[in-house]
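The values are calculated or read from the model by the stated rules, or taken from the named source; none is laboratory data. In this text the structure is predicted, and so the values were computed from the model without any measurement. Here the Cβ is made from the backbone with ideal geometry for all residues, glycine too, and neighbour counts use every protein chain on show. Only protein heavy atoms, including side chains, enter the accessible area calculation; ligands, DNA and RNA are left aside. Shrake-Rupley method; radii C 1.70, N 1.55, O 1.52, S 1.80 Å.
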Amino acid sequence: MNAVSEPEDAATVTELARRALAHWGVRDDEPELLKYRENAVFRVRLPDGQPAAMRIHRLGYHSDAALRSELQWMAFLQSADVATPSPIAALSGDLFVPVSTGTLTPPRQVDCLSWLEGRAVGARGVPLDFTPEQARRVFTAIGRTIAHMHNVTTVWMPPAGFARHAWDFDGFFGPNPNWGRFETSPFLDGPRRELVFKAREKAVKALSVHERSARNFGIIHADLVRENVLVHEGAIRIIDFDDCGYGWHMYDLAVALYQNREEAIYPLIETALLDGYRQQRELTPQDVAALPLFSALRAFAFLGWVQSRVEGDITRDVGMRMSTIAADVVIAYLRGG
């Protein structure tokens with residue numbers, strides 16, 4: 001008999017956070033809800049007085065093995081001088097613990113990460129407020145950081161049992177894509193829908209023959225959006241590894257550029273990001289030529305993601321706006337030759 005789940009709302013996840021605090025030795029702190037999307041993220045204070053980020057994971061979003069693997073990679077990156085949050089073990093020594101609010105609630109995975117100070121590069125749908133020179137410095141630094149992550153991970157040996165999903169062909173176009181199927185999106189009108197499907201044919205053909213080797217494919221962050229890149233005293237810090245997995249390195253770069261496509265200084269941003277990456281890791285002409293393909297793959301993923309979140313994480317208006325942007329990116333790829 002399957003357990004009956006209580007509705008996942010802010011009150012429920014906050015109660016889960018209160019109960020979870022005891023696993024880290026905290027008795028009298030009120031968790032502060034910061035974000036409630038795939039996961040609920042809280043700011044909490046540990047017994048030593050240090051702030052931390054507590055995550056209540058969505059039921060069934062990641063297996064225990066996948067979540068443990070995410071935390072293991074983050075810990076490795078931290079040891080390799082990539083500024084990321086560090087996993088904070090519970091009193092039991094476990095990297096995460098199952099927590100429930102009662103017999104009717106299946107346990108949720110809960111973990112704690114060290115708190116990183118910093119200012120997000122930007123927010124979704126909000127124009128950047130950098131001067132051109134500031135943008136050049138920031139995106140050059142982001143490119144260097146992404147390349148460093150790829151470099152150190154290329155020579156890392158994941159521990160036994162390491163398991164993460166893949167942003168590979170099946171991750172985008174298989175029967176069960178990572179972020180859902182875009183084909184059933186209610187936000188695509190007739191003419192636009194036809195063009196998106198033509199672009200899919202082009203992308204499927206291109207990706208099926210695209211090089212996949214240790215040189216250009218490995219463990220990637222896969223969600224380097226503005227909100228997940230912090231700037232602190234001129235240094236870049238990376239957060240939110242929830243979507244990390246195996247994929248093409250160019251996908252990380254395409255995601256980092258995706259939200260900036262409408263910026264007037266987009267050519268400067270793209271050049272700076274790629275130049276910064278090249279300072280640490282080689283990019284071949286073929287890699288750069290594939291950037292429109294990987295931008296389109298991000299757009300296809302978004303079309304699948306949006307339709308499954310409407311009336312939940314996002315409103316229909318936001319869903320329509322995000323889907324329109326994604327469709328435009330896909331159509332631009334189709335028309336790009």
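Compute the whole-percent fraction of alpha carbon pairs in the stretch 197-337 spaced more than 24 Å apart. Write out the running numbers ahead of the final one.
Details: 3232 of 9870 pairs.
For the stretch 197-337, the share of Cα pairs beyond 24 Å comes to 33 percent.
In order along the stretch 197-206, phi translates into HN-Hα couplings of 5, 5, 5, 4, 4, 5, 5, 4, 5, 5 Hz, rounded to whole numbers, per the Karplus curve 6.51 cos²θ - 1.76 cosθ + 1.60 with θ = phi - 60° and x for Gly and Pro. When the trypsin sites (Lys or Arg not before Pro) in the stretch 26-67 are filtered for DSSP coil states and for at most 14 other beta-carbon atoms within 10 Å of their beta-carbon, the remaining sites are R27, R37.
Work out the P(r) tail for the stretch 261-337: percent of alpha carbon pairs separated by more than 21 Å, whole number.
Value for the stretch 261-337 (Cα pairs over 21 Å): 41 percent.
Once Lys and Arg get +1 and Asp and Glu get -1 on their Cβ, which of N178, T284, S308 lies farthest toward the positive end of the dipole of the chain? Farthest towards the positive pole: T284.
Length gain on complete extension for the stretch A235 to L59, per 0.36 nm per residue less the alpha carbon to alpha carbon distance?
On the way: separation 176, 0.36 × 176 = 63.36 nm, distance 3.43 nm.
Gain in length upon complete extension: 59.9 nm.
With a Förster radius of 22 Å, plug the Cβ-Cβ distance of Q134 and D81 into 1/(1 + (r/R0)^6) and report the FRET value to the nearest 0.05. Don't skip to the end; give the middle numbers.
Values: r = 24 Å, r/R0 = 1.09.
According to the calculation, E is roughly 0.35.
Computed on the Cα trace of the stretch 79-146, the radius of gyration divided by the Kirkwood hydrodynamic radius gives Rg/Rh = 1.17. Relative to the longest principal axis of the Cα atoms of the chain, helix 10-21 runs at roughly 60 degrees. Over all directions, the projected convex hull of the C-alpha atoms in the stretch 186-253 averages 6.9 nm² in area. The mean sequence distance of close C-alpha pairs (under 8 Å, at least 6 residues apart), as a share of the length of the chain, puts its relative contact order at 19 percent.
Taking every Cα-Cα distance in the stretch 84-223 and sorting them into 10 Å bins starting at zero, the pair-distance distribution P(r) comes out as 8, 20, 29, 31, 11, 1 percent. Each Cα pair under 8 Å and six or more residues apart adds its sequence gap; the mean of these over the residue count of the stretch 217-267 is a relative contact order of 46 percent. Each Lys and Arg Cβ is given +1 and each Asp and Glu Cβ -1; about its Cα centre, the stretch 178-337 then shows a dipole of about 560 debye. Selection among I88, L273, S114 by position relative to the dipole of the chain gives L273 as farthest towards the positive end (Cβ unit charges, Cα centre). Size descriptors for the chain, from the alpha-carbon set: Rg then Dmax equal 20.2, 61 Å.
Carbon-plus-sulfur accessible fraction, the chain (probe radius 1.4 Å, protein heavy atoms only): 53%.
Around the amide H of A163, modelled in the peptide plane, lie the amide H atoms of S69, all under 5 Å away and 5 or more residues distant in sequence or on another chain.
Summing +1 for each Lys or Arg and -1 for each Asp or Glu among the other residues whose beta-carbon sits under 14 angstrom from that of N151 gives +1. Simple point charges give the picture: +1 on the Cβ of Lys and Arg, -1 on the Cβ of Asp and Glu, and for the chain a dipole about the Cα centre of about 660 debye.
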